1. Do any trypsin sites (Lys or Arg not before Pro) in the stretch A:456-548 lie in a DSSP loop with no more than 12 other beta carbon atoms within 10 Å, and if so, which?
2. Quick one: which residues, 5 or more positions from B:Arg110 or on another chain, have an amide H under 5 Å from its amide H? H modelled 1.01 Å from N in the peptide plane, none for Pro or chain starts.
3. Compute accessible area for the stretch A:548-564 by itself and then with all protein chains, 1.4 Å probe, and report residues whose area falls by 20 Å² or more.
4. How far, in degrees from 0 to 90, does helix A:347-370 lean away from the longest principal axis of the Cα atoms of chain A, to the nearest 10?
5. Are there GluC sites (Glu not before Pro) in the stretch A:455-537 that DSSP marks as loop and that have at most 11 other Cβ atoms within 10 Å, and which are they?
6. Before we go on, tell me the buried accessible area for the A/B pair, both chains summed, 1.4 Å probe, in Å² to the nearest 100.
7. Can you give me the accessible area per residue for chain A, using a 1.4 Å probe, in Å²?
8. Suppose R0 equals 41 Å. What FRET efficiency, 1/(1 + (r/R0)^6) with r the Cβ-Cβ distance, do A:Gln110 and A:Glu180 give to the nearest 0.05?
Amino acid sequence: MSTAATTVNHAATRDEAHVETDQQMWTIKGQLITSLAALGLGGFIGMFQAIERIQITLPPFGPFENYYQGLTFHGVLLAFVFTFGFANSFVSWTTMRGFGRPLRSNMLAQGSFWLLLGGTVLGAIILTLNEATVLFTFYAPMQAHSTFYLAAVFLVLSTWATLANIVLTYRAWRAEHPTEAVPLMGFVSITTYIMWGLASLGVAILVLGMLLPWSLGIMDNTDPQLGRTLFWLTGHAIVYFWLLPVYISWYMMIPKQVGGRLYSDGLTRFVFILFLLFSIPTGLHHQYTDPGIHEGMKSIHLLLTFVIFYPSLITAFTIMAALEHGGRRAGGKGLFGWVMALPWNNPAVVAQLLAMLVFTLGGVTGLVNASLTVNMVIHNTAFVPGHFHLTVGTAVALSVLGICYWFVPYLLQKPLFSPKLALWQAWLWAIGVLIFSRGQMSGGLDAQPRRTMLGEASYSLPGWEVANWLTAIGGVVMTISGLLFFVVMIGTFLNKRAETPEERGALDPPMPDPPIHDHRKSWKVFDRLGFWTLVAFILILIAYIPVLMLYLPAEFSSPGVRVW
Amino acid sequence: MSRKLTGGLLLVFFAVLAIGYAGVMPFGDDSPREVTDDNGVAANGDPVEVGEAIYSQQCSGCHTIDGSSGVGPTFQGLYGSEVTMEDGSTVIVDGDHLLLAITDPRATNREGYPDVMPSFDNLSEDEIAGLVAFIESLE
Ligand code: HEM
Ligand SMILES: [Cu+2]
């Protein structure tokens, strides 16, 4: 290993007392616990939705007054609380380790945690009271109680607090290392959050400028179409905010965990910059059927959507190369021999390998959704939840579970409880979701609507019955898998603390080795973060100003309705 | 977990994938769908049946027929009942009222309900007559 590589990678050398302070580590644990609690509760509600399709409705629908109240819980807890909490927790930690220093501000770290918890509790209360059954997309003119929008503000602010902290930490590092390359793990962490910072502006304007004042009665009417456009400005990029923390694990930790090495530092930076630039100007691909938006602009967003598919393709090949490298080092031979040589007895790895396999299918179905004309066939059908349980519901969620299998033992300094159970968890989830999504997607292709209490519907088409059964069976398998995860987590929590140096050493996090082509070969321009942020912002303007110009003046004419 | 078991599970995974996804959804009914007109309602003489078919496709999301609550009022027992409108007036629901409510819903607004009912004046005369007959049959 060259000396230059060693210096830039000083972050990987362990100096926990210095980097991981007590004032910050409890917030990292707190964010993770909140996130996992949301996953547990949200996932459990998912089971009711799945079995409702075969007419098993536990009265009243689960613990709820109606299907949509449960569905709103499911969406909000899983799409926002689970994902935000995990990103705040994990990416704060990779930032500390990446830059080899604590986060700059204790106040921001703690504030971020309290905002997440506060937003979650407020949201849960108002949803429980059935005053905000507007689904996780909260489209106007459905109007929730103002507390719901306030909760959304809290959740977004919690991510902004973490963003601010990461940027301050980077600047503090930069002040001390004016000429060095940004450490790769710091780089991927900060680009993830800058991307989200820009993306979340849409929903911030929507909630603060339109929905909150409207729900408080300060404004009588609203403009649903403008609202949807602002929502989706954030709404596509948010999927990358869910995904990139997991990519950080795939790029940084997985190569180490399989005994291989990442191929290229420069390529990794390139990929994250592409995500920063192109995640956001694609939002109209969720609005292909919306009136009032020019078809030409829809087509531009369509093309940009295919651009943003490209870095995920690079990721697929890069990670596969790292896996093959590890498998061959472990003695795997031949075209596929290296696959079986991977550490299939390490649940942290297996969960993420299976997540990657499932994600290929998620990518393919995503292309179906993105293609303007083909989208018309599946728009708002059950195909869509079929697709995103492969992506966020598995590529992200199952990877997070995999990460927890080393991160939680490390945080608690307690060995993982029953790795065997954890392995079964991963396999059951992967096989379960294949069945589940197969059901949803075939139902969708047979015109089955999403967001519908299908067990109660007075209509049905050929093919739906099989689809519903597959959805229900897959959903139950996923629920069993989820239960296993929590058994493993609670068991780990109750385990004895690691005492001896060997025991503790076994819990060390998988910190990355320098890539085969390290940072000395990377273009310096990749590190110009301010510049790339500016370019990303300009791209947003280019993609959205014409949309707004062709749309405005806004029509604030819709009063709020309560449809539940 | 032994290598054999891992291999077996990988096999199961790919089998589910192949069987489930490769045949692009072979479980559906491949026979040609029933020939329908624009609104997907099979041409059929009985007005109540025509109305019921349209009801299940286009109204059941908002109106129930079993008396339970929905976005709009239930159709059960609606026909012939006396209802209060937003402006405080009362109306006995008859065929004309139904016709107006379906084709020009802005003109009629029931008290206590949001004014969100879409207009269905794109339906043919037979279809609207069918709907009215269907609602009448639920008296
Ligand atoms: C036990 C596991 C799960 C089951 C059985 C399940 C089941 C379902 C079902 C059946 C739907 C469609 C409901 C409808 O369209 O009417 C749905 C929607 C959804 N699920 Fe899941 N799910 C599970 C886990 C997850 C996970 C892990 C995530 C994300 C991390 C997730 C995110 C979502 C979202 C965002 C929606 C859309 C809600 C909406 O349309 O408003 N689900 N889920
Ligand atoms: Cu999208």
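1. For trypsin sites (Lys or Arg not before Pro) across the stretch A:456-548 that sit outside H, G, I, E and B with at most 12 neighbouring Cβ atoms in 10 Å, the list reads A:Lys496, A:Arg497.
2. B:Glu86
3. Output list: A:Val561, A:Val563.
4. Result, in degrees: 40.
5. Taking the stretch A:455-537 and a limit of 11 other Cβ atoms within 10 Å, the loop GluC sites (Glu not before Pro) found are A:Glu499.
6. 2500 Å²
7. Values: 21120 Å² over 564 residues.
Value for chain A: 37 Å² per residue.
8. Details: r = 30 Å, r/R0 = 0.72.
E(calc), rounded to 0.05, equals 0.90.
The values are calculated or read from the model by the stated rules, or taken from the named source; none is laboratory data. Just so it is clear, the structure is predicted and the values come from calculations on it, not from any experiment. A quick note on method: Cβ atoms are made from the backbone with ideal geometry, for glycine too, and the neighbour counts reach across all protein chains shown. Areas reflect the complete protein model, heavy atoms only, side chains present, ligands, DNA and RNA absent. Shrake-Rupley method; radii C 1.70, N 1.55, O 1.52, S 1.80 Å.
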